[in-house]
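Worksheet: the structure to be examined is printed underneath.
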Amino acid sequence: MYNGVFFNGSQRTDTGIMDVKYVGNSWNDKISSVKVPRDTKLYLYKDADFKGGAMAVAGPKSMLLTDGWGNSASSFKIRYY
């Protein structure tokens, strides 16, 4: 995850099956682009505790968060498939 568009700015790398109820003040509403590896699915949530709107990104994929998702995520889950 990056806080800048086009994979710039600060980077946050999380691996393994994770349930992050709150990304923390330094990342809250600041995730602008993501890279999701093969066999991995990232679920982003607009609010803490996995509430609000949700978006799923299946890897392998690198993408900018658009359509109201740029700088909007407050929690996330990582799963493998």
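The values are calculated or read from the model by the stated rules, or taken from the named source; none is laboratory data. Model, not experiment: these values are computed from the prediction. Using ideal geometry, Cβ is built from the backbone for each residue, glycine included, and neighbour counts are taken over all protein chains shown. In case anyone asks, the SASA skips ligands and DNA or RNA and just uses the protein heavy atoms, side chains included. Shrake-Rupley method; radii C 1.70, N 1.55, O 1.52, S 1.80 Å.
At a 1.4 Å probe radius, which order do Arg79, Arg38, Arg12 fall into by accessible area, largest first?
Greatest to least solvent exposure: Arg38, Arg79, Arg12.
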- Before anything else, pin down the relative contact order of the chain: Cα pairs under 8 Å, at least 6 apart, normalised by residue count, whole percent. 38 percent
- Task: Pop out the ³J(HN,Hα) list for segment 9-14 in order, Karplus 6.51 cos²θ - 1.76 cosθ + 1.60 with θ = phi - 60°, rounded to Hz; leave Gly and Pro as x.
- Result: x, 5, 10, 10, 10, 10
- Estimated dipole of the chain in Debye, rounded to 20 [Cβ of Lys and Arg +1, of Asp and Glu -1, Cα centre]: 160 debye
- Farthest positive-ward along the chain dipole, Cα basis, beta-carbon charges - from Ser62, Asn28, Ala73: Ser62
- Full-extension gain in nm, Asp39 to Asn25, via 0.36 nm per residue minus C-alpha separation: 2.1 nm
- Item | Solvent-accessible ranking of Tyr22, Tyr81, largest area first, probe 1.4 Å | Tyr81, Tyr22
- Considering only protein heavy atoms, what per residue accessible area in square angstrom results for the chain with a 1.4 angstrom probe? 57 Å²
